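The values are calculated or read from the model by the stated rules, or taken from the named source; none is laboratory data. Values in this document were obtained by computation on a predicted structure and should not be read as measured data. Every residue, glycine as well, gets a Cβ built from its backbone with ideal geometry; the counts of neighbours run over all protein chains shown. For the accessible areas, the whole protein counts, side chains as well, though only heavy atoms, and no ligand, DNA or RNA atoms are used. Shrake-Rupley method; radii C 1.70, N 1.55, O 1.52, S 1.80 Å.
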Amino acid sequence: MFKIFEAIGRYFILMGKVFSRPEKWSIYWRRTLDEVEALGINSIPLTAIISVFIGAVITLQMSISLESPFIPQYMIGYATKETMILEFSSTVVAIILAGKVGSNIASEIGTMRITEQIDALEIMGINSAAYLILPKIIATMFFFPLLAASSMIIGMAGGYLIAVFTGIMIPDDYIEGLRYCYVPWEIAYSLIKMTVFAYIITSISAFCGYYAKGNSLEVGRASTQAVVASSITIMIFNLILTQILLT
Amino acid sequence: MIKCHNIFKSFDGRTVLDDISVEFETGKTNLIIGRSGSGKTVLLKTLVGLHTPDSGSIHFDDVCYTELSFEERKRIRKDIGMIFQGGALIDSSTVYENVRLPLDLFTNQSAAEKDERVRFCLERVELSHAGHLYPSELSGGMIKRAAIARAIVLNPKYLFCDEPNSGLDPQTSIVIDNLIHDITVEYNITTIINTHDMNSVMEIGEKIVYIHQGKKWWEGNKDEILHADNKELNDFVFASAMAKRAKMSL
Ligand SMILES: Nc1ncnc2c1ncn2[C@@H]1O[C@H](COP(=O)(O)OP(=O)(O)O)[C@@H](O)[C@H]1O
Ligand SMILES: [Mg+2]
């Protein structure tokens, strides 16, 4: 138990280093663009594939569970939209990204630690924490909400496609459902959540990697730890943010 | 000149450096020798400030490094070059970018000036043809040479090398040793080298400190080391069967 508090303390000390004044903005700017590509753009295919299938599956399931003469057909489209916007495109996509991006960050930084690349940066007089971690945090906080937004659209498109191809419902009804009871705040809520989750994933994973020591086994352990710790933290903050933003 | 006084360092209650005081001289290759695990790397990292000593002081020429604030230390670090055991090149950058990184961060030179400096340093270590390669595409000797180029790009006054020829064949080792020695003399650098390689000792050991179990056991130069009457040191120096036989006939 004491260990957890110690880790939390070290996490905040590291964040203090990360957010201290950068040596040279131009370098950070270039590194941030690189990270947008490495962590953001490279995650588009995975997010897109999962979203299109989940959108289709939700529509399929809803059409079965809502099969009743008393429930209008467009409710299926409505249910798909709500699920995608409220929960799937932010929280579930964040968990998936924690697995992909989080383990990537932890193993990259962990490897740099054990091969003394971080020491080498420190010797050059570079604030290694800021140099390595800040661009990743900025890149993901900027790009993950875009991933969430595209996941919403792609998921709803997936539902539309399954409606067209299987004929389980009239596509126009589905579209009507998407339009039904449109609340812009729900989208904002989802994107705000994703911005917070992006910070959680990146900072916790970087923390796990930054303090890795020993050999490649430890790096593997650090990246597992990163995924577990950031997933749990995401769940906790999902609850807190929903309480604050929606009620 | 780099001086350290009564350095103690322990990890989790285990003493690794036990009262070390040494003076390293300018324009010479100073060697720290000792068996694996004797504390050489910890000593080197303590000298450059990657580890904080539990007690003791470290002087870089007239400046007491251990008394400096974080910001003041940064200024001295620009005068320090370090070559790590595995090279520690940034994996995601090419050799050229690795060497240019310190220039990008700490100088306001134009792109052309930086380019000229990087090319000069790569030329110096005979890597002009390899600038576009990534660290994973280099041989062991090339990694060490690229690390040397990066370490000297800002014209350091102090150069630290952790086992610069570990993992290299004897011939390449001599090339690296001589390269470091030549650079040291050429630019009048205070160079400190960790090694357990007796070939390096005999080749470039202008000042030698022998560390055993975290303590300083002996210091001298390459001519004195063969005649030292310190048992631990002799066991280290004459560890190989061939060297033992040579000692008999000495
Ligand atoms: N960061 C560290 N934490 C704990 N122990 C360490 C650390 N670094 C080195 N040690 C210990 O210090 C001793 C000396 O290590 P080192 O200086 O690396 O030896 P070498 O002479 O081979 O370079 C070893 O027993 C090692 O286990
Ligand atoms: Mg060592």
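On inspection, B:Tyr65 does not qualify as away from ligand 2 (no atom under 16 Å from the Cβ), more than 28 Å from B:Tyr210 (Cβ to Cβ) and either hydroxyl-bearing (Ser, Thr, Tyr) or modelled with pLDDT under 90 (or both). Across the stretch B:49-66, the qualifying residues are those that are closer than 15 Å to B:Ile2 by Cβ and of a type in the set (D, E, K, R), and the one among them that is surrounded by the most Cβ atoms within 10 Å (Cβ to Cβ) is B:Asp61.
Inspect the stretch B:98-115 for any residue being more than 13 Å from chain A (Cβ to nearest Cβ), outside any helix (DSSP H, G or I) and either small (Gly, Ala, Ser) or within 16 Å of ligand 2 (Cβ to nearest atom) (or both) and give the result as yes or no. Looking through the stretch B:98-115, at least one residue is more than 13 Å from chain A (Cβ to nearest Cβ), outside any helix (DSSP H, G or I) and either small (Gly, Ala, Ser) or within 16 Å of ligand 2 (Cβ to nearest atom) (or both).
Would you mention how many residues in the stretch B:4-15 are surrounded by 15 or more Cβ atoms within 10 Å (Cβ to Cβ), under 14 Å from B:Lys45 (Cα atoms) and not aliphatic (A, V, I, L, M)? Residues in the stretch B:4-15 being surrounded by 15 or more Cβ atoms within 10 Å (Cβ to Cβ), under 14 Å from B:Lys45 (Cα atoms) and not aliphatic (A, V, I, L, M): 3 in total.
Filtering A:Met141, A:Met156, A:Met124 for residues that are in contact with a Lys or Arg (Cβ under 9 Å, 6 or more places away or on another chain), over 28 Å from A:Ser216 (Cβ atoms) and either open to solvent by 10 Å² or more (accessible area, probe 1.4 Å) or β-branched (Val, Ile, Thr) (or both) leaves a single hit, A:Met156.
Determine which single condition B:Cys4 fails, assuming it passes every other condition in (1) away from ligand 2 (no atom under 14 Å from the Cβ); (2) within 14 Å of chain A (Cβ to nearest Cβ); (3) not polar (S, T, N, Q). Single failed check for B:Cys4: (2). When the test is whether a residue is modelled with pLDDT of 95 or more, aliphatic (A, V, I, L, M) and out of contact with any Gly (no Cβ under 6 Å at 6 or more places or on another chain), B:Val125 does not pass it.
Taken as a whole, the structure leaves B:Thr46 outside the set of residues that are within 16 Å of ligand 1 (Cβ to nearest atom), surrounded by fewer than 18 Cβ atoms within 10 Å (Cβ to Cβ), within 14 Å of chain A (Cβ to nearest Cβ) and on the phi < 0 side of the Ramachandran plot.
Within the stretch B:9-30, the set of residues being more than 14 Å from chain A (Cβ to nearest Cβ) and within 13 Å of ligand 1 (Cβ to nearest atom) comprises B:Lys9, B:Ser10, B:Gly13, B:Arg14, B:Thr15, B:Val16, B:Leu17, B:Asp18, B:Ile20. Of all residues in the stretch A:159-174, those that are surrounded by 17 or more Cβ atoms within 10 Å (Cβ to Cβ) and among the small types (Gly, Ala, Ser) total 2. Of all positions in the stretch B:25-38, none carries a residue that is closer than 19 Å to A:Met124 by Cβ and open to solvent by 50 Å² or more (accessible area, probe 1.4 Å).
For A:Gly177, the criteria (1) of a type in the set (Gly, Ala, Ser); (2) open to solvent by 40 Å² or more (accessible area, probe 1.4 Å); (3) in a helix (DSSP H, G or I) hold in every case but one, which is (2).
When you go through A:Glu23, A:Glu67 one by one, which is the residue that is within 14 Å of chain B (Cβ to nearest Cβ) and either outside any helix (DSSP H, G or I) or out of contact with any helix residue (DSSP H, G or I) (no Cβ under 9 Å at 6 or more places or on another chain) (or both)? Unique residue meeting the criteria: A:Glu23. Within the stretch B:188-232, the residues that satisfy the criterion of being farther than 25 Å from B:Thr26 by Cα and more than 21 Å from the chain's Cα centre (by Cα) are B:His227, B:Asp229, B:Asn230, B:Lys231, B:Glu232.
Considering the conditions (1) aliphatic (A, V, I, L, M); (2) touching a Cys at 6+ places or on another chain (Cβ under 9 Å); (3) crowded, with 23+ Cβ neighbours inside 10 Å, A:Ala229 is excluded by exactly one of them, (3). Just one residue in the set A:Met75, A:Met84 is open to solvent by 20 Å² or more (accessible area, probe 1.4 Å), assigned to a helix (DSSP H, G or I) and within 28 Å of A:Asp172 (Cβ to Cβ); that residue is A:Met75.
Kindly indicate whether any position in the stretch B:88-102 is open to solvent by 70 Å² or more (accessible area, probe 1.4 Å), over 19 Å from the mean Cα position of the chain (by Cα), free of Cβ contacts under 8 Å to residues at least 60 places away in the same chain and under 15 Å from B:Val153 (Cβ atoms). Looking through the stretch B:88-102, at least one residue is open to solvent by 70 Å² or more (accessible area, probe 1.4 Å), over 19 Å from the mean Cα position of the chain (by Cα), free of Cβ contacts under 8 Å to residues at least 60 places away in the same chain and under 15 Å from B:Val153 (Cβ atoms).
The criterion of at least 2 residues that are buried (at least 18 other Cβ atoms within 10 Å of the Cβ) is met by the following helices (runs of 4 or more DSSP H) wholly inside the stretch B:144-250: B:170-187, B:198-204, B:231-237.
Cβ-Cβ distances below 9 Å connect the following pairs, each with a first residue in the stretch A:196-219 that is in contact (Cβ under 8 Å) with a residue 60 or more places away in the chain and on the phi > 0 side of the Ramachandran plot, a second residue that is in a helix (DSSP H, G or I) and within 16 Å of ligand 1 (Cβ to nearest atom), and a separation of six or more residues or different chains: A:Gly214/A:Ile114.
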